[in-house]
Amino acid sequence: MADCVFCKIRDGQIPSLKIYEDDRAFCIMDINPLNAGHCLVITKKHGATIWESDGDDLSAAMRATKRVATAIREALVPDGLNVLQANGPAAFQSVPHFHLHLIPRWKDDGKGFDWTLVPGDKIQIAQTGEKLRAALGTSR
């Protein structure tokens with residue numbers, strides 16, 4: 001994509017601090033980090049969201065995520081790690097190219113992503129589950 005910032009980074013048109021690369025994915029440091037070590041795993045082939053992305057590219061992105069997450073654990077020794085992936089504006093996806101955020105977390109780091117747990121309607125949950133099973137072609 002001509003106007004995609006991640007495609008431009010992939011192609012070397014925009015500078016980045018690349019920390020990992022293979023045939024299908026690469027990882028760069030986030031220039032607006034939530035915490036030290038915040039990085040992005042990005043598919044090389046452009047796909048705006050998970051829905052448009054190739055399954056093999058998504059698998060490669062997850063393998064890269066595992067490799068980088070292991071490096072984060074060894075190098076930075078965080079108490080935890082958020083892996084965040086958003087699809088579409090309603091989900092707050094800021095760059096329309098599939099990517100995963102790897103965000104090291106430390107106890108009491110003052111950062112969010114938490115929400116109040118509110119019990120759902122069990123009937124609605126079951127009905128939604130049935131719709132998803134039907135779409136997947138699976139049964140109980």
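For first residues located in the stretch 49-60 and β-branched (Val, Ile, Thr) and at pLDDT 95 or above, partners that are in a loop (DSSP other than H, G, I, E, B) and loosely packed, with under 13 Cβ neighbours inside 10 Å and lie 6+ apart or on another chain with Cβ distances below 7 Å form the pairs THR49/GLY88.
Looking at PRO119, PRO78, which one is over 22 Å from LYS8 (Cα atoms), of a type outside the set (Gly, Ala, Ser), modelled with pLDDT of 95 or more and part of a loop (DSSP other than H, G, I, E, B)? Exactly one of PRO119, PRO78 is over 22 Å from LYS8 (Cα atoms), of a type outside the set (Gly, Ala, Ser), modelled with pLDDT of 95 or more and part of a loop (DSSP other than H, G, I, E, B), namely PRO78. Annotation: of all residues in the stretch 95-114 being more than 10 Å from the chain's Cα centre (by Cα) and within 16 Å of GLU52 (Cα to Cα), the one that is surrounded by the fewest Cβ atoms within 10 Å (Cβ to Cβ) is VAL95.
If you check ASP23 against the conditions, is it assigned to a loop (DSSP other than H, G, I, E, B) and modelled with pLDDT under 95? Judged against the criteria, ASP23 is not a match. Against the definition (outside any loop (DSSP other than H, G, I, E, B) and in contact with a strand residue (DSSP E or B) (Cβ under 6 Å, 6 or more places away or on another chain)), how does ILE9 come out, yes or no? No, not satisfied.
Restricting the stretch 25-70 to residues that are within 12 Å of the chain's Cα centre (by Cα), buried (at least 18 other Cβ atoms within 10 Å of the Cβ) and of a type in the set (Val, Ile, Thr) leaves a set whose member that is farthest from GLY12 (Cα to Cα) is THR65. Looking across the stretch 102-133, the residues that are out of contact with any Cys (no Cβ under 8 Å at 6 or more places or on another chain) and closer than 25 Å to VAL77 by Cβ come down to ILE103, PRO104, ARG105, TRP106, LYS107, ASP108, ASP109, GLY110, LYS111, GLY112, PHE113, ASP114.
For the stretch 89-112, the tally of residues that are free of Cβ contacts under 8 Å to residues at least 60 places away in the same chain, farther than 20 Å from LYS8 by Cα and not acidic (Asp, Glu) stands at 7.
The values are calculated or read from the model by the stated rules, or taken from the named source; none is laboratory data. Quantities reported herein were computed from a predicted structural model and do not represent experimental measurements. Methodologically, a virtual Cβ is constructed for each residue, glycine included, from the backbone with ideal geometry; neighbour enumeration extends over all protein chains shown.
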